[in-house]
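The values are calculated or read from the model by the stated rules, or taken from the named source; none is laboratory data. Everything quoted here is computed from the prediction, not taken from an experiment. All Cβ positions, glycine included, derive from the backbone under ideal geometry; neighbour counts span all protein chains shown.
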Amino acid sequence: MTVLHASCYPANVTEAPTDGESIAAEDVGRALSDDGDSGQSVPAHHRRIRSFVTRAGRLSTGQRRAIEQHGARFVVPFTPAPLDWPALFGRAAPRILEIGFGMGATTAEIAARRPGDDFLGIEVHAPGVGALLKLLGERELDNVRIIQHDAVEVLERQIAPDSLDGVHIYFPDPWHKARHNKRRLIQPAFVARLASRLRPGGYLHCATDWEPYAQQMLEVLGAEPTLRNTADAFAPRPDYRPTTKFEQRGINLGHGVWDLLFQRAHPAQVTSPL
Ligand SMILES: C[S@@+](CC[C@H](N)C(=O)[O-])C[C@H]1O[C@@H](n2cnc3c(N)ncnc32)[C@H](O)[C@@H]1O
């Protein structure tokens, strides 16, 4: 089956290039790592399942140059301490986190459309970081910062509770095969953590072109007691989210795209499931 989706994989690839076991094996090569909470080393086989594959990914000349020219200004290191947003951006403005920005075209476009907001983009893939830096330089955008690290750990360590005004997750890896579904980012525990980082009234905006994942998102976000759906089910695409070229190709072929727009409830609105 050929799958066209707005991901970083070529359109004729149905899944990530390696399966879950060999991906894990790459990580095991490092044998020991930080456990993400206590700072102590734990064996690799105790580590959490990751939502991404570590790819070798060659940098283009333009991406390498952009990293050299703009990296120091826009890239923030991963450190296990909450970020000081006003210090990072030199102002106090609404704070939007984007997880998995890919090559950054959507990030740069939204940042240009919303100059009054500050955007923190997280991506593990170095060519994507280079590509976004190139766009930031070309478009002279100053309201984006980048962290190149696993978003799960960034969220745990660097994002304070109740601190975000919005979260964008666009076309996260769909992990089509059933045995890989566990790698999908939108899972109950991650969504609970994400919601806790939003301020009451803050929004979570997801989009996908893979219908089974859209249904999973609707189920998982709908079951999180601190979130409220702003639509009956799926939401119309908000004007600030541009369509990507992959997405447009899919739309032209009659494929669907699903947007989900949820809001963190105010404490008085949260009803106990008991
Ligand atoms: C399918 S691509 C979509 C990229 C982009 N949002 C778009 O719409 O074109 C998903 C991206 O998420 C990144 N990603 C997946 N899991 C991640 C994680 N835990 N932390 C940071 N980036 C992640 C991948 O490296 C990949 O670039």
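Quick notes on this one:
- All positions within the stretch 193-234 that are touching a His at 6+ places or on another chain (Cβ under 8 Å) and of a type in the set (Gly, Ala, Ser): Gly201
- Residue list for the stretch 241-258, filter: touching a strand residue (DSSP E or B) at 6+ places or on another chain (Cβ under 9 Å) and of a type in the set (Ser, Thr, Tyr): Thr244
Here is a yes/no grid of residues against (1) buried (at least 20 other Cβ atoms within 10 Å of the Cβ); (2) within 19 Å of Leu164 (Cβ to Cβ):
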residue: His180; (1), (2): no, no
residue: Ala195; (1), (2): yes, yes
residue: Cys206; (1), (2): yes, yes
residue: Trp210; (1), (2): yes, no
residue: Leu218; (1), (2): no, no
residue: Asn229; (1), (2): no, yes
residue: Tyr240; (1), (2): no, yes
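- Scanning the stretch 198-218 for residues that are among the acidic types (Asp, Glu) and within 16 Å of the chain's Cα centre (by Cα) gives a single hit, Asp209.
Yes/no matrix, rows are residues, columns are (1) surrounded by 10 or more Cβ atoms within 10 Å (Cβ to Cβ); (2) at pLDDT 95 or above; (3) not in a loop (DSSP other than H, G, I, E, B):
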site	(1), (2), (3)
Arg48	yes, no, no
Phe52	yes, no, no
Arg55	yes, no, no
Arg58	no, no, no
Gln63	yes, yes, yes
His70	yes, yes, yes
Ala92	no, yes, no
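- Odd one out for Ala56, checked against (1) in contact (Cβ under 8 Å) with a residue 40 or more places away in the chain; (2) within 16 Å of the ligand (Cβ to nearest atom); (3) out of contact with any helix residue (DSSP H, G or I) (no Cβ under 8 Å at 6 or more places or on another chain): (1)
- Residue in the stretch 103-113 that is more than 9 Å from the ligand (Cβ to nearest atom), buried (at least 17 other Cβ atoms within 10 Å of the Cβ) and in contact (Cβ under 8 Å) with a residue 60 or more places away in the chain present: yes
Quick grid of which residues meet (1) farther than 22 Å from Ala151 by Cα; (2) more than 16 Å from the ligand (Cβ to nearest atom):
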| site | (1), (2) |
| --- | --- |
| Phe234 | yes, yes |
| Phe246 | yes, no |
| Gly250 | yes, no |
| Leu260 | no, no |
| His266 | yes, yes |
| Gln269 | yes, yes |
